[in-house]
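One structure is given below, represented as structure tokens, and several questions about it will come after.
The values are calculated or read from the model by the stated rules, or taken from the named source; none is laboratory data. These numbers were taken from a predicted model, which means no experiment stands behind them. For neighbour counting, all protein chains shown are included, and Cβ atoms are generated from backbone atoms with ideal geometry for every residue, glycine included. Side chains included, ligands, DNA and RNA excluded: accessible areas come from the protein's heavy atoms. Shrake-Rupley method; radii C 1.70, N 1.55, O 1.52, S 1.80 Å.
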Amino acid sequence: LAINTGWAGMIDGRVPMNRLVCIAVGVGMAALAAVPADAAEAEHKFKIFAGVSYVTPMSDNEIEDVDIEATDEVGYEFGFEWKPFARVGFEASLVDVQHDVEADGDKIAEIGMQPINLTLNFHLVNSDRFNWYIGPTVAFVNWDDLESEFGDDVSIDSEETFGVSTGIDIGLGERFAIIGGLRWLDASAEDDAGDKIDVDPLFARLGIALRF
């Protein structure tokens, strides 16, 4: 399999992203509207966080009857959130992860991705002890060159894309919190020739946050 010539013969099985983003915004707005006006609110307006992210590519691809997929891997994530309003926050984060690319289970290449994520968080439950939030994400995904096991590396284009996110914060005293969450991005690795493989990664994160 000569992957150094680029990807070819892709089967595109994407989920409509506009529908997912609309669902995330709609659920967030509806849930916020249902919260009583006198509900207890968290006092913290800013947090910085760091942790690990378990990344699972959700799409498989087929090239000439050969299954091509990226492996599950663990990367790291760090970022911050600013809450200008009691139940609305703006989050920015960076994930760095390296994947093996396999053909019918055999490694044929390596590729790294570094998505920069911007998320609008609707805090459905918002207290110093527990936070639950959901919202749409926009992302700029930087792809490293595809490092082939058999030939020259393949240049992969960066891309702008969309996704959805949810997360929880569990307070540890006044300043610290354990954070967890899920994020899904509609992301593909596309080479200069326009051939691509769908990755559509699901990120499961676990980390710790410092709140102000």
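Once amide H atoms are placed 1.01 Å from N in the peptide plane, what residues at a sequence separation of 5 or more from Ala109, or on another chain, have their amide H within under 5 Å of its amide H?
Result for Ala109 returns Val101, Glu149.
May I ask for the Kirkwood hydrodynamic radius of segment 82-208, worked out over all distinct Cα pairs and given in angstroms to one decimal?
Values: mean 1/r = 0.0617 Å⁻¹.
When all Cα pairs of segment 82-208 are included, the Kirkwood radius is 16.2 Å.
Hey, another quick one. Scale the Cα Rg of segment 134-212 by the rule-of-thumb value 2.2 N^0.38 Å and send over the ratio, two decimals. Don't skip to the answer; put the middle values down first.
Details: Rg = 17.1 Å, N = 79, 2.2 N^0.38 = 11.6 Å.
For segment 134-212, the normalised Cα radius of gyration comes out at 1.48.
Label Phe90 and Leu118 with points 7 Å out from Cα along Cα→Cβ: what is the distance between them in nm?
0.8 nm
With a 1.4 Å probe and all protein chains left in place, how much accessible area per residue does segment 45-158 have, in Å²?
Values: 5180 Å² over 114 residues.
Here the residues of segment 45-158 average 45 Å² of exposed surface.
Next question. Using DSSP to call loops (not H, G, I, E or B), can you name the GluC sites (Glu not before Pro) in segment 50-87 whose Cβ has at most 15 other Cβ atoms within 10 angstrom?
On the way: sites: Glu62, Glu64, Glu69, Glu73, Glu77, Glu81; in loops: Glu64.
Hits after loop and neighbour filter: Glu64.
Can you list residues whose amide H is under 5 Å from Lys45's amide H, if they're 5+ apart or on another chain and H is modeled 1.01 Å from N?
Phe212
If amide hydrogens are placed 1.01 Å from N in the peptide plane, which non-local residues have theirs closer than 5 Å to the one on Val97?
HN-HN under 5 Å from Val97: Met113.
Okay, next question. If you put +1 on each Lys and Arg Cβ and -1 on each Asp and Glu Cβ, how big is the dipole of segment 56-212 around its Cα centre, in Debye rounded to 20? Can you show the working numbers first?
Numbers: 9 positive and 36 negative charges, 443 e Å.
Using only the charged Cβ atoms, the result is roughly 2120 debye.
Keeping the other protein chains in place, figure out the carbon and sulfur percent of the accessible area of segment 38-195, with a 1.4 Å probe.
Reported share for carbon and sulfur atoms: 57 percent.
Relative to the compact globular guide of 2.2 N^0.38 Å, what is the alpha carbon radius of gyration of segment 39-102, as a ratio? Walk me through the intermediate numbers first.
Working: Rg = 18.0 Å, N = 64, 2.2 N^0.38 = 10.7 Å.
After normalising by residue count via 2.2 N^0.38 Å, the value is 1.69.
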